[in-house]
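Here is the structure we will look at.
Nothing in this text is a laboratory measurement; each read-out follows from the coordinates by a stated rule. These numbers come from a predicted model, not from an experiment. Every residue, glycine among them, receives a Cβ derived from its backbone with ideal geometry; neighbour counts consider all protein chains shown.
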C-alpha cells in the first residue's frame, strides 16, 4: 500500500471525519488498487499472490475503518472476524466481504457498528455481516452446518483477540459437530449441490465455484479435513499422509487454475461473477492468449484445460471422500473376504492385497474391472488405497502392456460382460486406465464443442453413449424404448455395438471428417485385438456411417420410396440396420436432454420400420411414388368403407388432390382420417383443426381453405407469434382451388401442446389471422443471449428434384421468427412452398423446403437462384 498515492489522503480525511471526501478518496484508492491488480493479472503474476495481496490490502483498509468508527476503548470483549473466502485469505476482486462482529457487548455498539457497515457499502464493498454473541454463534452453528462451516475458517481482524479465540476453541470440543456427523452433513450438502448441476462437471455454461469439480468441491474436502484432523490447509492433509505428494500437486494446480479463471471473470465484468457464460468464454479465451482463426476453435482450446482441471478435482474429490469414509466410519472389526490371490473385499469395497501388486502383475490393472463386473455379490466400489495404487501405476501401461495377448483379451472381455460395462468404463476413465490403454481416447479428454447442441464434452458424451447402449439390453429399462429393447435382444455381438460407441467420436477435434478418421482408428484397434474380419468390418462401418441414420430421419421425406430404398442400399442388411439404429439412438440421447422429443423418436422409428420393410425380400413394396399412391388409395378406401363411406361421397375431394403428393406422402390411415374430416367442408370457409398429440409425437394442425399465394408466410408468422415451433409442414394445392396444409407443432420445450386453453387460443388466432387480407405485423423479438453469442454463417443450397419442384436447404442461426422471415422472402420472390422439414440443432437451424414458383418461372435459372438466395440472406441476416 505504500506506493498507493491516494492512501495518505484517505487516512487523513477519515481521521478528520470528512465523510464525503474520505469516501471519494477511498473509492479512488480501491479503483487504483484494482487497476494495479488487473495489470499484474494481465502480466501473468500468480493468482495465489494476487489473492493474498488483495486480502492483505482489504484487511488493512477495514481495520483502519473499524478502529475509526469503533474506538479501541470500546472494543473490550468485541472482535471483528473475517469468515468465508475472505477468512481463507482468498478474496476475489468483487467477492463479498463476509464479516462477523462477535461479542457480548455488541448491543452497546449498535450505532457505531451500523455506521461502520454502511460506510463499507458506500465505499463500494459488498458486505455480508452478522452480529452475534459467542453463545448465539454456538447455538446457530449447532443448528446449521453452513453456519458451523463459516466459523471453521474464521480469522481475527481487529478488536479483542481473546474473544475470537473462544470461537476457534469450540472446534476442540469433539461433541460439537463430531467428525461423523459433520462429514455426513457436508456430503449431503455436496450431493444436493451436484444434483442442481445435473451431477456432471460438464455444463454448457459452468459455474466455476459451484458446479461439480468446481472450487467448492475442494472447499468441502478442506472443511472435513479441518474438522477431523485439525488441518489448517491442504498442506496439512499432506502432513497427515491423507493425500500423496502427487495428489497435493494436482489439487494445487487445478485449484489455482480455477481461481485464475474466476479472477478473470471478475476482471472482465467488473462485478461478482462465477458463471462461465458463452460470451465470457470468448472473451476469456482471448484474455488467456488463445488465438485461432475460428472463434469456435479458440473457445474450445480455452475450455479444454478448464474441463481437464475440473475433471481432476472431481476425481480427487471422489478419492478423498472415499478415504474419509474409510477413516471416519472404520468399523471395529473389518469384514474381509478373499476373492483370489490378488484381490480381496474389505467391507464390500474391492482392495488389492499387496501394495506392489500392479508392479508385479500389471495385467491386474484390467483384471480388477472384470472382477467389478462379475463378482457374485454387490461391490460398492474400490478402496481409496487401491485407487491410488492404480493411478500411480499408469506408467506400466506402455506399448509392451498393450501388445500383451492377455491384456488385449481382457480389454475386449470388459465389453462382453452382461452387466457393469458402463460403470467399469467410467471408473477406468476416471482413474486414467482408459486414456493410458487407448491414447487416441486421451486426445478427446475435456474436448468441448462450442455450441448449444452438444451439452457434454466429447469424452463424457462417449461414456453416456455406452451407458445408453447398455440400457437397451436391460429389462428394467425396456419401457423407455421398447423397440430398442426388442432389437437389442437379437444383437449377436453387443461388444461390437459398445465398441462402436467408444470409437464413434474418437477423432473429434482433428483435421478432417471425424467419422472417416474414427473408422480408421476402429479398424486398427480391431486388427490389434484380433477381432474377426466380419466384426472388424461391422465396427468400422458403424463408426463411418454413424451420422447417416439421424440425417435421413430428420432431413429427408420418409414417405418417398426412393429415399427409403436408397437408405436400405446404404445399410445393406437387417443386422447392420439394427446396430446402426441402436448406435444412433444412444448417440442422440447422449447429446443433450433438450434434443430429444417424441417427434424425433417417431421419425427414427418410421425410418427403421420402413427400411426393415425395404430390406425384407418377401415384402413387395412400391418402388416409386405413383405405385405408392395407388396402394395408399386402395388401403384408404378399405378403411373408409369400414366407416360406411362410399367412394361417391368423397370422390370429388380425392379428385381435387390427385395431382399432388397427398396420396404418396401420407399413410393410408392418415388419408382416411383426413378425408373423413374434410370431404364435406365448405369451400368458401377456413377450417382449422388441431389434434393435441398424434402418433407422430407432435400436435397436428390441419388448415383447409381457399387457395392463396404466400400462405406459408402468413401461417409461419402467426405460429411464431404464438411461441410455437413448426417441425414439419406439407402443403397441397387442389384442383378445386382449395389448399390443404398439414403442420406438426411443438412448444418451446419440444413437447406437444396439451392444455385445452392453449389449443383453443391457437385455433382462434389462426382463424382470425387467416381471415385478414393483410396479416398483422410481427413484433420483432430480441435474440436470446445464448443464441446471440454464436457466429453461424447462413448457407443456402438449391437442388432440382424434378421439372416442377426444387429442394431448398437453409443452414443458419436459429433466430427468433426465422420461419416467418423465410416466408416473407418466399412471398417477395413469388415462391410456393409444398413441404418443409424443420430441424434445430442447438443454436443452428437446418431447414429443408420443397418449393416451386407461383409464376412457373424456371427454378434452375441462374438469375432466379441468385435473386432468391440474396432475398433470403437479406431477410435472415
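In the chain, the longest principal axis of the Cα atoms and the axis of helix 47-69 are about 60 degrees apart. Relative to one another, the C-alpha centroids of region 34-67 and region 693-763 are positioned 60 Å apart. Between residue 127 and residue 244, the FRET efficiency from the beta-carbon distance, with R0 = 45 Å, is close to 0.65. Annotation: average projected area of region 179-328 is 9.0 square nanometres, based on the convex hull of Cα atoms across all directions. The angle between the Cα long axis of helix 458-472 and the longest principal axis of the Cα atoms of the chain comes to about 60 degrees, rounded to the nearest 10.
If you take the beta carbon distance between residue 142 and residue 166 as r and set R0 to 22 Å, what does 1/(1 + (r/R0)^6) give as a FRET efficiency, to the nearest 0.05? Could the numbers behind the result be given before it?
Values: r = 16 Å, r/R0 = 0.71.
Once the sixth-power term is evaluated, E becomes 0.90.
For region 138-180, treating each Cα as an identical point scatterer without solvent, what Debye log10 I(q)/I(0) comes out at q = 0.30, 0.33 1/Å? So the normalised log intensities are -1.17, -1.27. Looking at region 670-876, I'd like the Rg to Rh ratio, where Rg is from alpha-carbon atoms and Rh is Kirkwood's inverse mean 1/r. Here Rg/Rh amounts to 0.95.
Spacing of the modelled spin labels on residue 195 and residue 419, each 7 Å from Cα toward Cβ, amounts to 2.5 nm. Where in region 56-81 does the amide nitrogen come within less than 18 Å of the point 7 Å from the Cα of residue 17, taken along Cα to Cβ? Taking a point 7 Å out along Cα→Cβ of residue 17, the residues of region 56-81 whose backbone N falls under 18 Å are 65-74.
List the relative contact order of the chain as a percent without decimals, with contacts defined as Cα pairs under 8 Å and 6+ residues apart.
6
The tail of the calculated P(r) for region 474-629 beyond 19 Å holds 57 percent of all Cα-Cα pairs. The modelled label-to-label distance for the pair residue 800/residue 44, using points 7 Å beyond Cα in the direction of Cβ, is 6.0 nm.
In region 52-68, which residues have a backbone nitrogen under 20 Å from the label point lying 7 Å from residue 108's Cα in the Cα-to-Cβ direction? The answer is 66-68, whose backbone nitrogens lie closer than 20 Å to the label point.
For residue 551 and residue 396, a Förster radius of 45 Å and the Cβ-Cβ distance give a FRET efficiency of 0.55, rounded to the nearest 0.05.
When both bridge partners sit in region 1-131, DSSP labels roughly 50% of those beta bridges antiparallel.
Given the Cα-Cα distance of residue 175 and residue 530 and 0.36 nm per residue of separation, how much length would full extension add, in nm? Don't skip to the end; give the middle numbers.
Numbers: separation 355, 0.36 × 355 = 127.80 nm, distance 6.13 nm.
Taking residue 175 through residue 530 to full extension adds about 121.7 nm, to one decimal.
Modelled this way, with points 7 Å down the Cα-to-C-beta line, the labels at residue 332 and residue 722 are 7.2 nm from one another. Computed extension gain for residue 52 through residue 511, at 0.36 nm per residue and net of the alpha carbon distance, reaches 160.9 nm.
If the segment from residue 788 to residue 861 were pulled out straight at 0.36 nm per residue, it would be longer than the present Cα-Cα gap by 22.8 nm. To the nearest 10 degrees, how steep is helix 668-678 against the longest Cα principal axis of the chain, on a 0 to 90 scale? With rounding to tens, the tilt is 80 degrees. The listed peptides 409-419, 379-389, 860-870, ordered by packing as a protection proxy, come out as 379-389, 409-419, 860-870 (highest mean of other Cβ atoms within 10 Å first).
Computed over the chain, the per-residue total of -39500 (n - 2.57) for DSSP H runs of n ≥ 4 gives a 222 nm mean residue ellipticity of -17000 deg cm²/dmol, rounded to 500.
Dividing the Cα radius of gyration of region 315-399 by its Kirkwood radius returns 0.96 for Rg/Rh. Expressed as a fraction of 2.2 N^0.38 Å, the value expected for a compact globular protein of N residues, the C-alpha radius of gyration of region 41-83 is 1.59. List the pair-distance distribution P(r) of region 622-669, using every Cα-Cα distance, as the percent of pairs falling in each 5 Å bin from 0 up to the bin containing the longest distance, rounded to whole percents. All Cα pairs, binned at 5 Å, distribute as 5, 22, 30, 26, 12, 4, 0 percent.
Both the radius of gyration and Dmax for region 1-87 are 14.7, 45 Å, in that order, over alpha-carbon atoms.
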